[in-house]
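Asker: Sharing a structure below in structure tokens format, with a few things to ask.
No lab work stands behind these numbers, since they all come straight from the coordinates. Everything numeric in this text was worked out from a predicted model, so none of it was measured. Virtual Cβ from ideal backbone geometry, glycine too; neighbours counted across all protein chains shown.
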Ligand code: SF4
Ligand code: SF4
């Protein structure tokens, strides 16, 4: 990281809104570009170009509700996060880890090659850059660096964006994880976009980001522009409707692991696991061996298959099962595990927040359970 | 170094039946280089794989100085059932070693007490064998307390005479078996504490067994004056990856696979108290 600083890579430019297209085109030369796109009435992440950006769209989100509205905004990044995040791409829901062949002679194992062009993520919000930073720590800095994640993450590029306004369920401001991409996360955000009324301020924070900026013509950002950026971030913060008592975490959870509220939540909880699927910090997974019918061969009693890693959830009934018992047989315990992991454990495990305040779990919970309300309830009498 | 996320091949050199449902498997790592690079400390575990069936976390029951890499396995789930069907010369996949081992440095100048229940003796056998090889005669004998369901469930039965050369050994069973002559005690393993004279303030405890045993034994030890910081327990949880990326083994904020399985009691005390944590 030292050499990074020496090189003084910090580049800052102002570009016209339409010039975002040049950025996209430039990225497409060497990356698979993943960005926001409309699909079936939802903003999703997929391979996308400038034309695909749902520019001007606004969404209405509430507990268990997501709707695109008719309102048209002037901002390009007017919409909020949909259900997807980078995790679909770096930690795919179904991910082949290796293939194996077992014969009389022995076992041959071949790690799955993760080829293809590196990914450039465009339009990642501040909250998700924190989640990405957490993912790097989990998958790259653990006792065994994960080869799959490391191959997919290698050379990837992140074009983050400061939010012009919050989504209805966002509460990043109270978590300290947004709406601005702050210096704590500029190591994972190669370029940060700030939308102004008529232009974008584009800042590169890594050498890879600055290489991309190199080829894009722009003006110098004036003090006025920077002031506009500031005030836009401030007004986004002010517009945020939800918050959590961040200062009281993790103790608020630790003190209340036996709070009666858990039982009450369990009654409403459907255990669908939606929250864990949409959460950008949820990473839990299970692996299994898959053998296709064609994997059996008579000669040499050969067996061919693959090891698949798939997203799992602490809400799965068997998540904590061992032979002869289940460590979390009750729904109450499983919900508590989820929330405690988000709001207390992760911080201890990886020195980063386990919830980044993106609000996805609130939007996509069919039972309308709201993590900020549940946390608030723990403060009540027990 | 080899990649701990990808299994390597090991051949079964021999199999020894221990009880009706438990057997010890001696493995030889096929690849010479991995063989050389592979090293573990007592208390650690491997993920053993039967291709097509899956993987299971199994503690290592040999000690580092042993020639063979041993695992003592009880038939319980899919993977262990599949291993049970294997013969000498068959191969399994191995990933590891993972986890924390027994803190041997804690025993220096102190009296070691080992408490095991059932299959919990497997990861402790690793340290027992290490002590057998290195114990300086003359100093105070370490204590080994072991409890099983019935006399027929005593694992490593044939090795106990050797253990007795160095250890003060006490055995107990939940209930007798009419077919076996039993000289040990009957009752829970904590009752054995009455049989031993020990200086609680100078004692270090290594414990592994069913969680119910831990719940009983720890308060008993603490009540007798053993400091909670000197009690080490090996916990069992569901494990999938071995390196803190799958989330299955979480115990409060701890990952049993990488922060454990051996924990200092006082580091996990607050969570042991909470049901279904
Ligand atoms: S717990 Fe909810 S609000 Fe927090 S990061 Fe996950 S999805 Fe977002
Ligand atoms: S949580 Fe904050 S950073 Fe994330 S989308 Fe909402 S406002 Fe933007």
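Asker: Give the order of A:196, B:124 when sorted by the count of other beta carbons within 10 angstrom, beginning with the fewest.
Answerer: With the fewest neighbours first, A:196, B:124 line up as A:196, B:124.
Asker: For an R0 of 35 angstrom, estimate the FRET efficiency from the Cβ-Cβ distance between residue A:69 and residue A:223 and round to the nearest 0.05.
Answerer: The pair residue A:69/residue A:223 has a calculated efficiency of 0.50.
Asker: Obtain the nm distance between the two label points defined at residue A:239 and residue B:212 by a simple spin-label model: each point lies 7 Å from its Cα along the Cα-to-C-beta direction.
Answerer: Each label point is offset 7 Å from its Cα along the Cβ direction, giving 5.9 nm.
Asker: Oh, and also: Tell me, how many Å apart are the Cα centres for the stretch A:64-100 and for the stretch B:43-77?
Answerer: Each part reduced to its Cα centre gives a spacing of 41 Å.
Asker: While we're on this one: Would you mind classifying chain A by shape? Square roots of the alpha carbon gyration tensor eigenvalues, ordered a ≥ b ≥ c; an a/c under 1.5 is rounded, otherwise it is prolate if a/b is larger than b/c and oblate if not.
Answerer: Note, shape of chain A comes out oblate.
Asker: Express as a percent, rounded to the nearest 5, the fraction of DSSP beta bridges in chain A (both residues included) that run antiparallel.
Answerer: 80
Asker: Please compute the modelled spin-label separation between residue B:267 and residue B:157, points set 7 Å along Cα→Cβ, answer in nm with one decimal.
Answerer: 3.7
Asker: Give the relative contact order (percent, whole number) for the stretch B:118-277; include only Cα pairs under 8 Å separated by 6+ residues.
Answerer: Numbers: 209 pairs, mean separation 26.5, N = 160.
Relative contact order here is 17 percent.
Asker: Could you work out the relative contact order of chain A, using alpha carbon pairs under 8 angstrom and six or more residues apart, expressed as a whole percent?
Answerer: 22
Asker: Ok, one more. Using only the Cα atoms of the stretch B:159-277, build the gyration tensor, take square roots of its eigenvalues as a ≥ b ≥ c, and label the shape rounded, prolate or oblate: rounded if a/c is under 1.5, else prolate if a/b is larger than b/c, else oblate.
Answerer: prolate
Asker: Using a Gaussian network for chain B with springs between C-alpha atoms less than 10 Å apart, which of these wobbles most: B:161, B:103, B:151?
Answerer: In this elastic network of chain B, the residue with the biggest mean-square fluctuation among B:161, B:103, B:151 is B:161.
Asker: Once the piece of chain linking residue A:137 and residue A:211 is laid out straight, how much longer is it, given 0.36 nm per residue of separation minus the C-alpha distance between them?
Answerer: Full extension of this stretch gives 24.1 nm more.
Asker: Right, something else. By the gyration tensor of its Cα atoms, with a ≥ b ≥ c the square roots of the eigenvalues, what is the shape of the protein assembly as shown: rounded for a/c under 1.5, prolate for a/b over b/c, or oblate?
Answerer: Details: a/c = 2.35, a/b = 1.82, b/c = 1.29.
Prolate.
Asker: Restricting to the protein assembly as shown, compute how many DSSP beta bridges are antiparallel as a %, nearest 5.
Answerer: Roughly 70 percent of the DSSP beta bridges within the protein assembly as shown come out antiparallel.
Asker: If you don't mind, another one. Rounded to the nearest 5, what % of the DSSP beta bridges within the stretch A:89-160 are antiparallel ones?
Answerer: In the stretch A:89-160, DSSP labels about 60 percent of beta bridges as antiparallel.
Asker: In a GNM of chain A with a 10 Å cut-off on Cα contacts, which of A:160, A:108, A:221 has the highest mean-square fluctuation?
Answerer: Most flexible of the set in this elastic network: A:108.
Asker: Now a separate question. Measuring from label point to label point, each 7 Å out along Cα→Cβ, what is the residue B:20 to residue B:174 span in nm?
Answerer: The two pseudo-label positions are separated by 1.3 nm.
Asker: Taking only Cα atoms and a 10 Å spring cutoff, compute GNM fluctuations for chain B and point out the largest among B:150, B:172, B:72.
Answerer: Evaluated over chain B, the most mobile residue of the options is B:150.
Asker: Taking Cα pairs under 8 Å and at least six residues apart, what relative contact order does the stretch A:246-378 come out at, in percent?
Answerer: Normalised by residue count, the contact order of the stretch A:246-378 is 33 percent.
Asker: Residue A:187 to residue A:263: FRET efficiency via 1/(1 + (r/R0)^6), r the Cβ-Cβ distance, R0 35 Å, to the nearest 0.05?
Answerer: The formula returns an efficiency of 0.25 here.
Asker: Run through every distinct alpha carbon pair of the stretch A:164-265 and return the Kirkwood hydrodynamic radius in angstroms, one decimal place.
Answerer: 16.4
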